[in-house]
Amino acid sequence: MTWLRRWARQVWPRREPRECCWYHGGDWHAVSAMALDVLKRARTEGIAAEDMEEYALAHAAAAGTGLWQSEALATLFSVADAIQPAKGPGYVNGQHRSQAMLDAGVRRAVVLRMVWPS
């Protein structure tokens, strides 16, 4: 995505879902806001990384979210499916979700960053 298109999406975000694919089919603004809240609460409660997906799903169920939002939230906290930027340019996983969020104008998202022991 060019910097101009990225800037335009931030200024004039597309909040309505599109039918092109699952990733563009929901409200990433709501999911991202919920994910940031879940992450903040999990840090406070000391939830382990491998337990985050289950913790996020419990949070979504308690909030009464719909199926798409619950599934989208779970993908952000799944160790296997999380958005994971590569060390250089690009992604290890999650490029399509990231693109859908950028297209929607989402400004902050939860990503997985692997930290290897030295």
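The values are calculated or read from the model by the stated rules, or taken from the named source; none is laboratory data. These numbers come from a predicted model, not from an experiment. Quick reminder, even Gly has a Cβ in these numbers, built from the backbone with ideal geometry, and neighbours come from all protein chains shown. For the accessible areas, the whole protein counts, side chains as well, though only heavy atoms, and no ligand, DNA or RNA atoms are used. Shrake-Rupley method; radii C 1.70, N 1.55, O 1.52, S 1.80 Å.
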Checklist line | Conditions (1) more than 17 Å from Arg108 (Cβ to Cβ); (2) in contact (Cβ under 8 Å) with a residue 60 or more places away in the chain: number failed by Trp28 | finding: (1)
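Considering only segment 67-77, state which residues are in contact (Cβ under 8 Å) with a residue 40 or more places away in the chain and either closer than 13 Å to Trp28 by Cα or of a type in the set (Gly, Ala, Ser) (or both). It would help to see each step written out before you state the result.
Just the residues of segment 67-77 that are in contact (Cβ under 8 Å) with a residue 40 or more places away in the chain, to begin with: 68-69, 72-73, 76-77.
Correct list: Trp68, Gln69, Ala72, Leu73, Leu76.
Does Glu50 meet the test of being charged (D, E, K, R), in a helix (DSSP H, G or I) and at negative phi? Even if it seems obvious, please write down each step before you answer.
Working: charged (D, E, K, R): yes; in a helix (DSSP H, G or I): yes; at negative phi: yes.
So Glu50 passes the test.
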Check: Could we say that Ala58 is more than 12 Å from the chain's Cα centre (by Cα), assigned to a loop (DSSP other than H, G, I, E, B), among the hydrophobic types (A, V, I, L, M, F, W, C) and surrounded by fewer than 17 Cβ atoms within 10 Å (Cβ to Cβ) here?
Finding: no
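Identify all residues within segment 86-108 that are surrounded by 17 or more Cβ atoms within 10 Å (Cβ to Cβ) and closer than 22 Å to Met52 by Cα; write none if there are none. Give the derivation first.
Here is the first cut: in segment 86-108, the residues surrounded by 17 or more Cβ atoms within 10 Å (Cβ to Cβ) are 93-94, 97-98, 100-106.
Result: Asn93, Gly94, Arg97, Ser98, Met101, Val106.
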Check: Taking segment 83-108 on its own, how many of its residues are more than 23 Å from Pro13 (Cα to Cα) and either in a loop (DSSP other than H, G, I, E, B) or acidic (Asp, Glu) (or both)?
Finding: 4
Next item on the list: Could you please find all residues in segment 11-28 being open to solvent by 40 Å² or more (accessible area, probe 1.4 Å) and in a helix (DSSP H, G or I)?
Entry: Val11
Margin query: All but one of (1) crowded, with 19+ Cβ neighbours inside 10 Å; (2) of a type in the set (Val, Ile, Thr); (3) over 24 Å from Trp3 (Cα atoms) hold for Ile83; state the number of the condition that does not hold.
Written below: (3)
